[in-house]
Every structure is written in C-alpha cells, then in structure tokens.
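Working notes for the structure below.
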Amino acid sequence: MAFENLTERLSKALKNLTGRGKINEEDLQASLREIRLALLEADVSYSTVKKFIDQIRQKAKGTEILDGLNGAQQVIKVVNDELTALMGEEAVPLNKSEKIPTTIMMAGLQGAGKTTTIAKLAYKLKKEDNARPLLIAADVYRPAAIDQLEILGKDLGVPVFSQGTDVDPREIVKAGLQEAKANKNDYVLIDTAGRLQIDAELMAELKDIEQIAQPDEVLLTVDAMTGQNATETAQGFANELSLTGVVLTKLDGDTRGGAALSIRDVTGKPIKFVGQGEKPTDLDVFYPDRMASRILG
Ligand code: GDP
C-alpha cells in the first residue's frame with residue numbers, strides 16, 4: 001500500500017513525543033530528525049524536505065508548543081497543517097472553457113498512464129457532467145496506443161478520432177479539433193506520444209500540439225512508482241509546456257509516495273487527480289487535506 005512506510009515512521013516519530021507530557025527543545029529536534037529521515041526515505045525531494053522541516057521548526061518556535069500543555073498534540077497539528085500546505089491546501093478543479101469545447105491535452109512519459117487516464121477522465125466527465133467528449137489519438141509512435149484508446153472509447157461509449165500512425169500528430173490534432181467543432185463535442189481529450197525519457201524531439205512535438213490546440217488544460221501524468229524521478233520528470237515537462245496540473249498515477253501500488261509531497265512544491269503545479277487503479281472508475285480528485293490525513297495514518 002502507498003505510504004505504508006512513511007505513515008509508520010511518522011507515527012512512530014510523533015508517538016515518541018506524545019509519550020512525554022511537556023516537550024522540550026531536545027525532544028522536538030529528535031522528532032524533526034526522525035520526520036526528516038522518514039520523508040527522505042519516502043522519496044520526497046531533498047529541497048522539499050528541507051523547507052518542510054524548517055517550516056515546522058519555525059512554527060513550533062512561534063507557538064506555545066515547547067514546555068506548554070499538549071505540546072505533542074500541537075506538533076502533530078503543525079505537521080498535519082504543513083503537509084496539507086505543501087500539497088496545495090485546496091483541491092483544484094479542471095479548467096473549463098467558456099465556449100465549447102474545453103480542450104484537455106494529456107502529456108507524460110511512456111507507461112505513465114496517459115491513455116488510461118484519458119479514459120478515466122472521459123468516464124468522469126460523462127458521468128458527472130453529462131458531457132460528450134471526443135478523444136483524439138495523437139500517439140502515433142506506439143501503434144498499440146491507438147488501439148488501446150479505441151477499445152477504451154468503445155467500452156465507454158465515447159467517440160475516438162484517429163487517423164492511424166502515418167499522419168503527423170499535429171495534423172491529427174487539427175483534424176480532430178475540426179471534427180469536435182462539427183459534432184459540437186463539449187470536451188476534447190488529446191492523447192499524445194510519450195518516450196521513455198524526455199527528449200528534444202518529443203518536447204518539440206508536444207509544444208507544437210499545445211500551440212495548435214490552445215488547450216484549457218495541459219495535464220501531466222506522472223507515475224508515483226518512479227520515486228524521485230517522478231518529481232524530476234514533472235519539473236522537466238513544466239519547463240517546456242504550460243502545464244496546468246498533474247495526475248499522479250498508480251497510487252494504489254506499493255509506492256513510497258514522495259511525489260505526492262514534492263510535485264506541487266518543486267513545480268508549482270497542482271496535483272488535480274490521483275489514479276488508484278486501472279479501471280475507468282479509479283480516478284479521484286486530489287484533496288491535500290485528506291492526503292495529509294492518509295499519510296499521517
Ligand atoms: P501511457 O503510455 O502513458 O499511455 O500509459 P498507459 O495508459 O498505457 O498505462 C501504462 C500501464 O499502467 C497500463 O498497464 C495501465 O493499466 C497502468 N496504469 C495506469 N494508471 C494506473 C493506476 O492509477 N494504477 C495502476 N495500478 N495501474 C495504472
């Protein structure tokens with residue numbers, strides 16, 4: 001289960017405090033050291049950990065925590081509040097265009113979960129907004145990606161626009177957008193190509209597609225299982241594209257979960273959704289406060 005280790009270590013660090021009645025500077029420092037190690041081991045990025053610990057130290061100094069009653073409880077509250085703040089405080093909803101269609105471009109490395117997430121989003125929009133999305137298959141380098149999207153679309157009763165693998169993805173996107181206009185689709189979801197790692201050619205293509213589609217959302221799918229790399233990848237894409245948000249996938253897996261804590265801090269982009277399984281229903285809105293509670297156990 002995600003966060004298992006982190007949760008265990010954090011509660012241990014905090015339990016040591018609660019056993020003590022009043023806490024002094026030394027107790028606090030010992031706990032902060034434990035918390036720091038727990039976060040680093042969970043693959044939270046170094047700069048985020050440093051900032052986080054500094055914040056807590058400062059908050060603890062500014063309150064009556066030390067030598068006061070219920071000092072430990074207050075530390076726990078500060079940790080909880082700071083975890084929530086780190087992840088962005090509030091859930092951030094999908095952008096919506098004033099006139100149809102709202103265009104969502106999906107980007108990410110190969111295997112991160114782009115195609116699966118598009119199906120999940122299409123399902124969600126259809127179910128919750130009664131929307132009529134069109135999916136555009138613009139990942140022409142992995143032939144199976146088009147088939148995969150077509151199968152998912154069929155299962156969900158959502159149309160998929162594709163022109164095979166011989167047409168330039170930029171042209172596919174142009175034609176797909178025209179199709180959406182003609183059919184008055186209210187949402188367009190664009191599946192783009194990924195690579196095993198970020199390269200200049202991929203970025204040039206994605207930037208062109210972004211230019212052509214003028215998307216309301218540029219969502220990056222990031223695989224939570226990739227540890228520190230998840231945050232670095234997010235930063236790499238954020239440098240090149242006008243990302244509006246992140247979908248953190250595979251949070252149902254055995255991930256240490258650090259990306260959930262670092263991404264917002266490092267990239268400035270909000271995590272909007274988390275993927276918690278392979279089925280179309282396995283997509284949840286990301287609530288920083290609930291995630292903080294889950295992490296603290
Ligand atoms: P793409 O290359 O980015 O389009 O990635 P895919 O959508 O094809 O996903 C790659 C693999 O990850 C597939 O086997 C998906 O079923 C799986 N996957 C995607 N999202 C999740 C998730 O949230 N949880 C789990 N367990 N698997 C996922």
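Considering only residues that are among the β-branched types (V, I, T) and either part of a helix (DSSP H, G or I) or in contact with a strand residue (DSSP E or B) (Cβ under 8 Å, 6 or more places away or on another chain) (or both), which ones fall in region 37-53? Give the steps one after another, and end with the answer.
The first filter runs over region 37-53 and keeps only residues among the β-branched types (V, I, T), leaving 44, 48-49, 53.
Within region 37-53, T48, V49, I53 meet the criteria.
Can you tell me which condition K174 does not meet? The list is (1) open to solvent by 70 Å² or more (accessible area, probe 1.4 Å); (2) within 16 Å of the ligand (Cβ to nearest atom); (3) not in a loop (DSSP other than H, G, I, E, B), and all the others hold. Of the numbered conditions (1) open to solvent by 70 Å² or more (accessible area, probe 1.4 Å); (2) within 16 Å of the ligand (Cβ to nearest atom); (3) not in a loop (DSSP other than H, G, I, E, B), the odd one out for K174 is (2). Would you confirm, using the coordinates I've provided, whether A145 is within 11 Å of the ligand (Cβ to nearest atom), closer than 29 Å to N239 by Cα and modelled with pLDDT under 95? When the stated conditions are applied, A145 passes them. Looking across region 177-211, the residues that are open to solvent by 40 Å² or more (accessible area, probe 1.4 Å) and either over 26 Å from K127 (Cβ atoms) or hydroxyl-bearing (S, T, Y) (or both) come down to Q178, R195, L196, Q197, I198, D199, A200, E201, A204, K207, D208, Q211. Counted as qualifying within region 186-262 are the strands (runs of 3 or more DSSP E) with 1 or more residues that are within 12 Å of the ligand (Cβ to nearest atom) and charged (D, E, K, R), namely 187-192, 217-223. Scanning region 54-62 for residues that are open to solvent by less than 10 Å² (accessible area, probe 1.4 Å) and either out of contact with any helix residue (DSSP H, G or I) (no Cβ under 7 Å at 6 or more places or on another chain) or modelled with pLDDT under 95 (or both) turns up at least one hit.
Filter region 263-289 down to the residues that are in a helix (DSSP H, G or I) and touching a strand residue (DSSP E or B) at 6+ places or on another chain (Cβ under 9 Å) and list them by number.
First, pick out the residues of region 263-289 that are in a helix (DSSP H, G or I): 263-267, 288-289.
Answer for region 263-289, where residues must be in a helix (DSSP H, G or I) and touching a strand residue (DSSP E or B) at 6+ places or on another chain (Cβ under 9 Å): I263, R264, T267, P288.
In region 180-202, the residues that are over 13 Å from S97 (Cβ atoms) form Cβ pairs under 6 Å with partners that are of a type in the set (S, T, Y) and outside any loop (DSSP other than H, G, I, E, B), at six or more places apart or across chains, as follows: D191/T115. Just one of the listed residues (V78, V167, V92) is surrounded by fewer than 18 Cβ atoms within 10 Å (Cβ to Cβ), among the hydrophobic types (A, V, I, L, M, F, W, C) and out of contact with any Asp or Glu (no Cβ under 8 Å at 6 or more places or on another chain), and it is V167. A search for C-beta distances below 8 Å between a residue of region 1-19 that is farther than 20 Å from T249 by Cβ and any residue that is part of a loop (DSSP other than H, G, I, E, B) and of a type in the set (V, I, T), counting only pairs 6+ apart in sequence or on different chains, returns L17/I23.
Can you work out which of the residues in region 92-127 that are of a type in the set (G, A, S) and not in a helix (DSSP H, G or I) is farthest from the ligand (Cβ to nearest atom)? Once the filter is applied, the top-ranked residue is S97. Considering region 148-157, the residues that are under 18 Å from G108 (Cβ atoms) and without any contact (Cβ under 8 Å) to a residue 60 or more places away in the chain include one that is nearest to the ligand (Cβ to nearest atom), namely Q148.
The numbered conditions (1) assigned to a helix (DSSP H, G or I); (2) more than 14 Å from the ligand (Cβ to nearest atom); (3) farther than 21 Å from D186 by Cβ are all true for E89 except (1). The residues of region 109-159 that are in contact with a Pro (Cβ under 6 Å, 6 or more places away or on another chain), buried (at least 21 other Cβ atoms within 10 Å of the Cβ) and not β-branched (V, I, T), listed by number, are A119, K120, A122, Y123, L134, A138.
The values are calculated or read from the model by the stated rules, or taken from the named source; none is laboratory data. Just so it is clear, the model here is predicted, and its values are computed rather than measured. Because the Cβ atoms are built from the backbone with ideal geometry, glycine has one as well, and the counts that use them run over all protein chains shown. Heavy atoms of the whole protein, side chains included, go into the accessibility calculation; ligands, DNA and RNA do not. Shrake-Rupley method; radii C 1.70, N 1.55, O 1.52, S 1.80 Å.
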